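Only one structure is covered here, and it is reproduced in the block below.
Computed from the coordinates by the stated procedures, all read-outs in this text should not be read as laboratory data. Keep in mind that this is a model prediction, so the values were computed, not measured. Please note: Cβ atoms are built from the backbone with ideal geometry, for glycine as well, and neighbour counts cover all protein chains shown.
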Amino acid sequence: MGQGITNPAEPYFKDGGWGWDGTLWRKLPIVWGYSDRYAQRLVNVNAALGDNTVTGSTVPEGEVWVVTAVVAFNTVSAITRCELEVYDGADTYFFRRKQTVAKDEETAYQGQIVMKKDDRIRATFVGCVAGDDLHLRMLGYKMQVNA
């Protein structure tokens, strides 16, 4: 049987986040938890001719965001392609691409995208007509972590 947490002088007593492995108390990895909702609705109501990108907020230090749904659409005209991606300021990680997207047709993703400091969601609309209305919506949750 496991040893009870009874000695206030032991580090496991003070902060929590410790677990009994059958022989001794060990510090557990970060606890996956909820601290706030993440929801954004962005729109570019006057897109330029050609390619346009709509970018969500950047994850700040001390947080991890889990994005569970993303949708992008153009309410004015069809486009050549829509790309959903995570951008960290240097590299791009595509998670959904859709070719030949009709007016009002959604490019959507449902799942789990774990984002860390400096990450952000972007939607790139390829082949826009000048004046297109481009929409990007995201939903998920935030977690506070030790920075």
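Descriptive notes on the structure:
- Of all residues in segment 73-111, those satisfying the criterion of being among the acidic types (Asp, Glu) and over 29 Å from Glu61 (Cα atoms) are Asp104, Glu105, Glu106.
- Among residues of segment 107-147, those that are over 14 Å from Val54 (Cβ atoms), part of a loop (DSSP other than H, G, I, E, B) and touching a strand residue (DSSP E or B) at 6+ places or on another chain (Cβ under 8 Å), counted: 4
- So Glu63, is it buried (at least 17 other Cβ atoms within 10 Å of the Cβ), farther than 22 Å from Lys142 by Cα and not aliphatic (A, V, I, L, M): no
- Residues located in segment 118-132, provided they are surrounded by fewer than 16 Cβ atoms within 10 Å (Cβ to Cβ) and charged (D, E, K, R): Asp118
- Ala108 meets all of the listed conditions (1) touching a residue at least 40 places away in the same chain (Cβ under 8 Å); (2) under 15 Å from Leu139 (Cα atoms) but one, namely (1).
- Selected residue (only one of Thr23, Thr58 is β-branched (Val, Ile, Thr) and surrounded by 15 or more Cβ atoms within 10 Å (Cβ to Cβ)): Thr58
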